[in-house]
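In what follows, a structure is listed as structure tokens, so that the remarks can point back to it.
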Amino acid sequence: MNNDIDASWHYHNGTKHPHGRLMGKLHTYDPAFRPNPYKVYKDIQSTVLPLDKSPSTSALIAISRNIEQEVEQIVPDLNDLARILYFSCGITKTINYSRLGDVEFRAAACTGALYHIEIYLVCGNLPGLDAGVYHFDPKYMKVELLRKGDYRRVLINASSNNIEIQHAPLILIYSDVFTRNTIKYQTREYRHAFWDCGTIIANTLAISSAHKMPAKVILGYVDDLVNSLLDLNTEKEVSLALVPIGFTKEAAAQEIPVIPSLNLKTEPLSNYDFDDQEIQKIHQASSLTSGREVKEWLGVSPKIKIPSPMENPISLDPFKENKIPSASLERIIIRRGSAREFSREPISFQQLSTVLYYSTIGVSADFLEPYGCSLINLYLIINAVDGLQSGSYFYHREQNKLELLKGGEFRQTAGHLGLDQDLPADGSVAVFFMTDLEKVLKGFGNRGYRAAQLEASILGGKFYLASYAQNVRVTGLTFYDDAVTEFFSPHAKDKSVMFMVVLGKKKS
Ligand SMILES: Cc1cc2nc3c(=O)[nH]c(=O)nc-3n(C[C@H](O)[C@H](O)[C@H](O)COP(=O)(O)O)c2cc1C
């Protein structure tokens, strides 16, 4: 099934704005019916996490530094675990709305603030926490014990002996509860699953790096094995990605633990109970079903062809490492929030340069080998950046240069491409994360669809952090798919948009 890439095209084309044919035109959503954004297990043993929010490393260093597993033992303790989970998706602020009451906002941006991504963990014995399979409860900052004992061997098998998983004392598993997001976004939810997982993973990678712990994104695994370990009802909830963290020399227990079904009681996963068959289909089609398939799937990342620059591209001027803004990652994550309006004032060329450079150095992932390669190309509409002509641009990442594609005033166009919203028209820069989807699917099969969406959203999450580190505001946005490709063509003629953000100045 993974090689039948028509499934990805069917899903992708069918969920394009406007009028994708898999989307109902008359669907409406009333936030008063927002599903509970927390998975609640009943009658379960839990451990409260101690939380220390004190600052560590600068946010820009944390998002750009890759720590690899080496020889030195790095085992997170309960404090480290608490920080990793909190700064990935903990509650960072509460806002009271007259109609909705208190809404709890999280460490990472999420479409519609619906928070449909859960985090589970599988670990050996950690200082302060016994080996087990746990669920993270961000509301009460605790981990809940699903299975007692060391189950890491299941993940080693599921990932066909992935080397980082073999040596990880702790592995996070991100899952998606479909109906907490389909209630608003219908079938397009499966894109949001990766978008909203990616912004969380950007934080996980950054906080791990801030504490000098190796962490890597793994998509090469047998889905069913991981879902059974977490005892997920896969019609409602599925795993999306694994992130092994830390390094231990000892391999996990050799014997494969039996995985009995748990039938743990939870509160209903959502008040919206419509199982979207198109989401089921694309998820099945992009699932890996055996160790052999995992092995075949891995390999060198497809290289996206980039036309050479036409004329004199502009060299960027990012802050040098010894001069970068020092705001700590923790402070930036706590302050982060999506911009709700922009002032139309320019950001500086150095601010834009710094965001582009530090966010795109590399994402550590099994589908991005060697480290530093990317499935994503960045196209920009520059409305207001000091010293730059307004117009459309392409970012040559390897050279750290911007190429002007078309000069002109495109605020209105940016507003239109971002689903006719004011934010991209008023912001300073709109950034479109695009990929050659056909090429990615030919290289990686349908699993490549997940990979491209995920890489784009991890980069998007880094854009959030890199911008806030410089007092630049950001928001994620959704878009009219084909209109974006058309606007950036002929340069972008074979490319599809995976993600979008807008950067700008706060309205005072
Ligand atoms: C991928 C993505 C797409 C988004 N699209 C929009 C959008 O189209 N319009 C909008 O106003 N906000 C959009 N947002 C912002 C979310 O509404 C916001 O993240 C959410 O309300 C949580 O608030 P916070 O980011 O301030 O924590 C988007 C966020 C993400 C991550």
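Things to note:
- Lone unmet requirement of (1) closer than 28 Å to VAL222 by Cα; (2) in a loop (DSSP other than H, G, I, E, B) for TYR449: (2)
- The lone criterion from (1) surrounded by fewer than 21 Cβ atoms within 10 Å (Cβ to Cβ); (2) within 19 Å of THR360 (Cα to Cα) left unmet by ARG411 is number (2).
- HIS396, sole failed condition from (1) away from the ligand (no atom under 16 Å from the Cβ); (2) touching a strand residue (DSSP E or B) at 6+ places or on another chain (Cβ under 8 Å); (3) under 28 Å from LEU85 (Cβ atoms); (4) not β-branched (Val, Ile, Thr): (3)
- Selection over segment 490-508 of residues that are within 15 Å of the ligand (Cβ to nearest atom), open to solvent by less than 10 Å² (accessible area, probe 1.4 Å) and more than 16 Å from the chain's Cα centre (by Cα) gives a count of 3.
- Test result for ARG83, open to solvent by 30 Å² or more (accessible area, probe 1.4 Å) and at pLDDT 95 or above: no
- Any chance GLU341 is closer than 29 Å to LEU404 by Cβ, within 16 Å of the ligand (Cβ to nearest atom) and surrounded by fewer than 17 Cβ atoms within 10 Å (Cβ to Cβ): yes
- Every pair of residues 6+ apart whose Cβ atoms lie under 8 Å, when the first sits in segment 94-113 and is more than 26 Å from ALA202 (Cα to Cα) and in contact (Cβ under 8 Å) with a residue 40 or more places away in the chain while the second is basic (Lys, Arg) and within 12 Å of the ligand (Cβ to nearest atom): LEU100/ARG34
- Residue count, segment 326-336 (criterion: within 24 Å of ASP426 (Cβ to Cβ) and assigned to a loop (DSSP other than H, G, I, E, B)): 1
- Of all residues in segment 135-160, those that are among the aromatic types (Phe, Trp, Tyr), in contact (Cβ under 8 Å) with a residue 60 or more places away in the chain and buried (at least 22 other Cβ atoms within 10 Å of the Cβ) total 1.
- Residues of segment 451-489 satisfying the condition of being among the charged types (D, E, K, R) and within 11 Å of the ligand (Cβ to nearest atom): ARG473
- Every condition in (1) at pLDDT below 95; (2) surrounded by 11 or more Cβ atoms within 10 Å (Cβ to Cβ); (3) more than 20 Å from TRP9 (Cα to Cα); (4) not charged (D, E, K, R) is met by TRP297 except one, and the failing one is (3).
- Pairs where the first residue, in segment 299-318, is farther than 19 Å from PHE444 by Cα and the second is acidic (Asp, Glu), C-beta under 7 Å, 6+ apart: PRO309/GLU403; MET310/GLU403; PRO313/GLU403
The values are calculated or read from the model by the stated rules, or taken from the named source; none is laboratory data. Keep in mind that what you see is a predicted model, and the values were worked out from it rather than measured. Here Cβ is always computed from backbone atoms with ideal geometry, including for glycine, and neighbour counts include all displayed protein chains. Note: areas computed on protein heavy atoms with side chains; ligands, DNA, RNA excluded. Shrake-Rupley method; radii C 1.70, N 1.55, O 1.52, S 1.80 Å.
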